[in-house]
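The values are calculated or read from the model by the stated rules, or taken from the named source; none is laboratory data. All figures in this text were calculated on a predicted structure; none of them were measured in a lab. Cβ: placed from backbone, ideal geometry, glycine included. Neighbour counts: every protein chain shown. Note: areas computed on protein heavy atoms with side chains; ligands, DNA, RNA excluded. Shrake-Rupley method; radii C 1.70, N 1.55, O 1.52, S 1.80 Å.
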2 protein chains.
Amino acid sequence: MENCVFCKIIKGEIPCYKIFENDKVLAFLDIANDFLGHTLVIPKKHCQNILDADEKSLQEVMSAVQKISKHYIQNCGFDGVNILNANNKSAEQSVFHLHFHIIPRRTDDKLIIFPVEKEKEFDLKDLQTKLKL
Amino acid sequence: MENCVFCKIIKGEIPCYKIFENDKVLAFLDIANDFLGHTLVIPKKHCQNILDADEKSLQEVMSAVQKISKHYIQNCGFDGVNILNANNKSAEQSVFHLHFHIIPRRTDDKLIIFPVEKEKEFDLKDLQTKLKL
């Protein structure tokens with residue numbers, strides 16, 4: 001898609017630090033350079049996020065996420081990985097081309113990736129009724 | 001698996017606020033009760049995390065994650081969702097049965113789900129050489 005920075009990376013119009021590529025998926029280091037080994041995994045076929053992704057693209061992306069995660073732990077000295085994804089602006093999505101973040105972890109990295117919030121008093125029974133599918 | 005709290009939920013030995021269920025997947029509200037609508041999506045077949053999950057289980061879980069995410073936005077008044085997952089203790093995984101968190105978002109929720117770190121001076125070219133698959 002025109003004016004999509006990730007589509008430009010896929011086409012080679014913008015360089016990237018490529019980690020993995022196949023026919024359907026590309027993975028590269030996040031230039032935010034904030035977490036050691038922070039990697040983005042994207043489908044080559046443009047979609048905005050998980051909400052408009054076709055099932056096959058999502059499967060191919062997740063298969064690559066799994067492959068890279070295993071590689072980081074088995075071969076690259078990491079002990080774990082977090083996988084993060086944002087859908088829509090309200091969820092802090094900034095580039096509107098589906099992407100999954102892999103943040104490799106080490107036992108001694110002292111990071112806190114998971115958001116922490118105090119327990120609330122939401123009525124879970126009531127919420128279940130409203131959200132049930 | 002014996003002594004796995006999520007396997008006990010699947011078997012009905014521990015109650016849950018169920019959101020969605022099919023042959024392969026169960027989704028329910030996180031009893032942490034920290035974020036409005038915080039939902040966990042798990043495969044019925046036990047695996048520890050993405051590292052030992054079989055491809056089919058991962059696909060089925062992600063398909064449910066997508067379905068529930070769309071439902072929350074299209075039918076339940078949310079504007080976006082974050083999807084989070086932890087693999088291994090070093091990545092802050094606490095229950096060792098594969099699970100994806102869905103955190104539904106609203107434009108005005110004032111949450112910060114994405115971890116924020118300053119830009120570092122990691123040598124991305126060197127990292128690419130070490131991590132490339």
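Residues in region B:102-123 that are touching a residue at least 12 places away in the same chain (Cβ under 8 Å) and either touching an Asp or Glu at 6+ places or on another chain (Cβ under 7 Å) or part of a loop (DSSP other than H, G, I, E, B) (or both): 7 in all.
Within region B:17-43, track down each residue that is among the β-branched types (V, I, T) and touching a residue at least 40 places away in the same chain (Cβ under 8 Å). Result: B:I19, B:T39, B:V41, B:I42.
Go through region B:58-79 and report how many residues are under 21 Å from A:I68 (Cα atoms), more than 7 Å from chain A (Cβ to nearest Cβ) and open to solvent by 10 Å² or more (accessible area, probe 1.4 Å). Can you show your working first?
As a first pass, look at region B:58-79 and keep what is under 21 Å from A:I68 (Cα atoms): B:58-63, B:65.
The next check asks that each one be more than 7 Å from chain A (Cβ to nearest Cβ); those that pass are B:60-61, B:65.
Now restrict to residues that are open to solvent by 10 Å² or more (accessible area, probe 1.4 Å): B:60.
So the answer is 1.
Annotation: B:N82 fulfils all but one of (1) surrounded by fewer than 21 Cβ atoms within 10 Å (Cβ to Cβ); (2) touching a Phe, Trp or Tyr at 6+ places or on another chain (Cβ under 9 Å); (3) at the interface with chain A (Cβ under 8 Å from one of its Cβ atoms); (4) among the polar types (S, T, N, Q); the unmet one is (1).
Evaluation of B:P115 against the conditions (1) in contact with a strand residue (DSSP E or B) (Cβ under 9 Å, 6 or more places away or on another chain); (2) open to solvent by 10 Å² or more (accessible area, probe 1.4 Å); (3) of a type outside the set (F, W, Y); (4) modelled with pLDDT of 95 or more shows that the sole unmet condition is (4).
Mind listing whichever residues of region A:57-101 are in contact with a helix residue (DSSP H, G or I) (Cβ under 9 Å, 6 or more places away or on another chain) and assigned to a strand (DSSP E or B)? Correct list: A:G80, A:V81, A:N82, A:I83, A:N85, A:N87, A:F100. Among the residues making up region B:32-50, those that are more than 12 Å from A:M62 (Cα to Cα) and either assigned to a helix (DSSP H, G or I) or at the interface with chain A (Cβ under 7 Å from one of its Cβ atoms) (or both) are B:A32, B:N33, B:D34, B:F35, B:L36, B:G37.
So which residues in region B:90-110 are open to solvent by 30 Å² or more (accessible area, probe 1.4 Å) and either among the polar types (S, T, N, Q) or more than 7 Å from chain A (Cβ to nearest Cβ) (or both), if there are any at all?
Filtering region B:90-110 for residues open to solvent by 30 Å² or more (accessible area, probe 1.4 Å) gives B:92, B:94-96, B:106-108, B:110.
Within region B:90-110, B:S94, B:V95, B:F96, B:T107, B:D108, B:K110 qualify.
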